[in-house]
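Let me begin by presenting the structure, written as structure tokens, before commenting on it.
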Amino acid sequence: MRLWWNKIWPPLVAVLFLLGIWQLSTSLFEIEKWILPSPINIAREVLTESSRLWEHTLATVKLTGIGFTIGTSVGLLIAIVLHSIPFLKSALYPLLILSQNVPTIALAPLLMIWFGFGLLPKIIVITLVCFFPVAIAMMSGLRQTDPIMLSYMRMIGASKRQIFVKLELPHALPSIFSGIKIAATYSVMGAVIAEWIGSDKGIGYYMMLQKSSYRTDRVFIAISIIVMLSLTMFAIIALLEKWFVRWNRRQES
Amino acid sequence: MLESPIQQYPNIRGEVTSVAPALKVTDIHKSFNRRQQGLPVLKGVSLTVEQGEFVSIVGPSGCGKSTLFHIVGGLVQPDSGKVWMNGHEVTGERGHISFMPQQPALFPWRTIEDNVILAQEVKGISKREARRDARKWIAKVGLSGFEEAYPHMLSGGMQQRASFLRALLSPEELMCLDEPFSALDALTRSDMQRWLLDIWEENRRSVLLITHNIEEALLLSNRIYVFSSRPGTVLQEIAVPFPRPRREEITEDPTFLALKRDLSNWMKEEQHKMQILR
Ligand SMILES: Nc1ncnc2c1ncn2[C@@H]1O[C@H](COP(=O)(O)OP(=O)(O)O)[C@@H](O)[C@H]1O
Ligand SMILES: [Mg+2]
């Protein structure tokens, strides 16, 4: 507990210090509110907007959750399939890498044209940003299975399935989690982008709306909420990792 | 005509039985391809392990001992030659031996208890049943209190004991141990040898042990095969005459010392040949 506190307080002080400077400079240099609102202004706005914010945040959380779950599952599935069929892997792996050079933001309008403004195109956007880090991390984790343990399993007559479940999968778990952690933060970004392009709710939509009426203070609120959502997703996955990979001493040190 | 693996064998007590040997390999040849060149590793190796017999292989490093194990375990296909177990041909088949690799190869995400039941699990024995057995044995090999510990919390000697126990608890009759103690310091090593001697004399499993420690081979084995340098062939087959149960004092017996000297000389010669070849 004490150690945790020792780690936490220096960045906390730094953040408070920066907020102080921000507050001071806005009043000192008389910066216009629509260019840079002061932290106190923003905080006040949170209170007046709270019910609307809550509604939009909830919509984004829901979209992120669904998209992240589907995207991660697709990533895991792709990794498992490509790992167990080497031919497919050598055929599709380069395409997979190539697919990441298409910026999601450019693809999103196209998806809207094809699939309309419902849930489906948004989930596709999030899936596209989520599956890749998971699939790549899992495949590299599976490929790095300890060769001594692998030949041990073969010698004692373990089937392919047993080797996968008892050796390769747990061995790849730390890699899988590092992929999922990246996907977790990407999923929030994916959801916001999807809401920008076509939606009538969610934090991304709210942000666009406020931008067009120069409510900079509310744009700041939206950004803070997005950051907090990302951090929360990351923290949840990190906790899960701690539980699932508790045997891993190297992780701790 | 297929050669029959079931023959009349005198066992260690000199009685003739008609039980098929636990392991019989006949005329194994194997080369690896390396830089477009064949590297002959085993050249006509034949050996047997009778039921309940402790047999060792000693030979210079790089002479193909581990490769022979991989062939017996079905991991590597021999170029020619056959592997028989209990009278059945099993060349290239996996899952017929219990195996202890050169490195402990314990799974870091499994507790010690779950590690030692791994071979049973792979054989389809239920975890609950396997654990019941394991608890008793973990105490017997001096690991009690470490049932729930992860491998990295154990010393090298303790890890080797867990790895040995994993092989011992495997339902397969024949145990193949590949230099189980080579990574340990001298003191731990002689502890482990005495410990293995006691455990084996209680259980009398069929064992094939690879070692480059001559004293270890003499102390533990009924018979010893001496391998030549690469390509490996059987140079000598030595019966170790000491009765069971053995005590550590036999290491000071004149016969023991004479055997040790002979074996050392052969080994030195082979090691020397190996260096000239390089
Ligand atoms: N899969 C392989 N491919 C190529 N060469 C190998 C392979 N496995 C072993 N060798 C070579 O065969 C020789 C014998 O190896 P090994 O059986 O491990 O020897 P030992 O266990 O007696 O020390 C060594 O020169 C090794 O480099
Ligand atoms: Mg070896």
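The values are calculated or read from the model by the stated rules, or taken from the named source; none is laboratory data. Predicted model, so just to flag it, every value in this text is computed and none were measured. Cβ atoms come from the backbone with ideal geometry, glycine included; neighbour counts cover every protein chain shown. Heads up: the accessible areas ignore ligands, DNA and RNA and are worked out on the full protein's heavy atoms, side chains in. Shrake-Rupley method; radii C 1.70, N 1.55, O 1.52, S 1.80 Å.
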Practice item. Mind checking which of A:20, A:63, A:140 is farthest towards the positive end of the range A:1-152's charge dipole, using Cβ charges of +1 (Lys, Arg) and -1 (Asp, Glu) about the Cα centre? Key: A:140
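How would the range A:64-138 be classified by its alpha-carbon gyration tensor: rounded, prolate or oblate, with rounded meaning a/c under 1.5 and the a/b versus b/c comparison settling the rest? Walk me through the numbers before you get to the answer.
Details: a/c = 2.47, a/b = 1.67, b/c = 1.48.
Prolate shape, in that a/c is at least 1.5 and a/b is the bigger ratio.
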Revision key, fill the gap. Simple spin-label estimate for residue A:102/residue A:31, 7 Å along Cα→Cβ, in nm, reads 4.0 nm
Review point. Which residue fluctuates the most in chain B, going by a Gaussian network model with Cα springs under 10 Å, if the choices are B:105, B:134, B:217?
Key: B:105
Check your understanding: How far apart, in nm, are the 7 Å Cα→Cβ label points at residue A:85 and residue B:276?
Key -> 5.7 nm
Review point. Name the residues of the range A:134-165 whose accessible area falls by at least 50 Å² when all protein chains are present instead of the chain alone, probe 1.4 Å?
Key: A:148, A:149, A:152, A:154, A:155, A:156
Practice item. For an R0 of 51 angstrom, estimate the FRET efficiency from the Cβ-Cβ distance between residue B:35 and residue A:55 and round to the nearest 0.05. Key: 0.15
Exercise for review: Would you give the gap between the C-alpha center of the range B:149-187 and the C-alpha center of the range A:172-217, rounded to a whole Å?
Suggested key: 52 Å
Exercise for review: Taking amide H positions as placed in the peptide plane 1.01 Å from N, state which residues far from residue B:209 in sequence (5 or more) or on other chains have amide H under 5 Å from it.
Suggested key: B:55, B:56, B:57, B:177
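For chain B, what is the accessible area per residue in Å², given a 1.4 Å probe and the full set of protein chains? Spell out each step's value before the answer.
Numbers: 12620 Å² over 278 residues.
Value for chain B: 45 Å² per residue.
Given a Förster distance of 30 angstrom, what is the FRET efficiency for residue A:209 paired with residue A:44, based on the Cβ-Cβ distance and rounded to 0.05?
On the way: r = 19 Å, r/R0 = 0.65.
Once the sixth-power term is evaluated, E becomes 0.95.
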Point to revise | With all protein chains modelled, accessible area of residue B:270 [1.4 Å, Å²] | key: 10 Å²
Check your understanding: Gap in Å between the Cα centre of the range B:237-278 and the Cα centre of the range A:1-60?
Key -> 79 Å
Study note, to complete from the structure: Check: C-alpha center the range A:92-153 vs C-alpha center the range B:191-219, spacing in Å is 53 Å
Review point. About its Cα centre, what dipole magnitude does the protein assembly as shown give when the only charges are +1 on Lys and Arg Cβ and -1 on Asp and Glu Cβ, stated in debye to the nearest 20?
Key: 900 debye
Check your understanding: Accessible area drop of at least 10 Å² (1.4 Å probe, protein heavy atoms): which residues of the range A:167-187 qualify, relative to the chain alone?
Key -> A:167, A:170, A:171
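Place a +1 charge on the Cβ of each Lys and Arg in chain B and a -1 charge on the Cβ of each Asp and Glu, then give the dipole magnitude about the Cα centre in debye, rounded to the nearest 20. Write down the numbers at each step before the final one.
Numbers: 34 positive and 34 negative charges, 118 e Å.
So the magnitude is around 560 debye.
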Check your understanding: Taking a ≥ b ≥ c as the square roots of the eigenvalues of the Cα gyration tensor of chain B, is the shape rounded (a/c under 1.5), prolate (a/b larger than b/c) or oblate?
Key -> rounded
Check your understanding: List the lysines whose alpha-carbon lies under 16 Å from that of residue A:201, not counting same-chain residues fewer than 8 positions away?
Key -> A:62, A:122, A:211
Revision key, fill the gap. Expressed as a percent, the accessible surface of the protein assembly as shown that is carbon or sulfur, using a 1.4 Å probe and the full set of protein chains, is 61 percent
Review point. With a 1.4 Å probe, how much accessible area is buried between chains A and B, both sides summed, in Å² to the nearest hundred?
Key: 2100 Å²
Check your understanding: Any idea of residue A:77's accessible area? Nearest 10 Å², probe 1.4 Å.
Key -> 110 Å²
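Multiply the residue gap between residue A:92 and residue A:22 by 0.36 nm, knock off their C-alpha separation, and tell me the result in nm, one decimal place. Let's see the in-between values first.
Values: separation 70, 0.36 × 70 = 25.20 nm, distance 5.00 nm.
Working it through step by step, the gained length comes to 20.2 nm.
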Check your understanding: What are the lysines whose alpha-carbon lies under 21 Å from the alpha-carbon of residue A:160, with same-chain residues fewer than 8 places away excluded?
Key -> A:89, B:123, B:127
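Run lengths n ≥ 4 of DSSP H only: what is the helix-derived mean residue ellipticity at 222 nm for the protein assembly as shown, with -39500 (n - 2.57) per run over all residues, to the nearest 500? List each step's numbers first, then the result.
Working: 19 runs with 304 residues, N = 531.
Computed mean residue ellipticity for the protein assembly as shown: -19000 deg cm²/dmol.
Compute the accessible area per residue over chain A, keeping the other protein chains in place, probe 1.4 Å, unit Å².
On the way: 14690 Å² over 253 residues.
Here the per-residue accessible area is 58 Å².
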Review point. Is there a simple number for the mean count of other chain Cβ atoms within 10 Å of the Cβ of residues in B:90-103, and what is it?
Key: 3
Revision key, fill the gap. Per GNM of chain B with C-alpha springs under 10 angstrom, the most fluctuating residue out of B:207, B:122, B:141 is B:122
Review point. When we measure straight from the Cα of residue B:30, which lysines land under 17 angstrom away, once same-chain ones fewer than 8 places off are left out?
Key: B:43, B:65, B:82
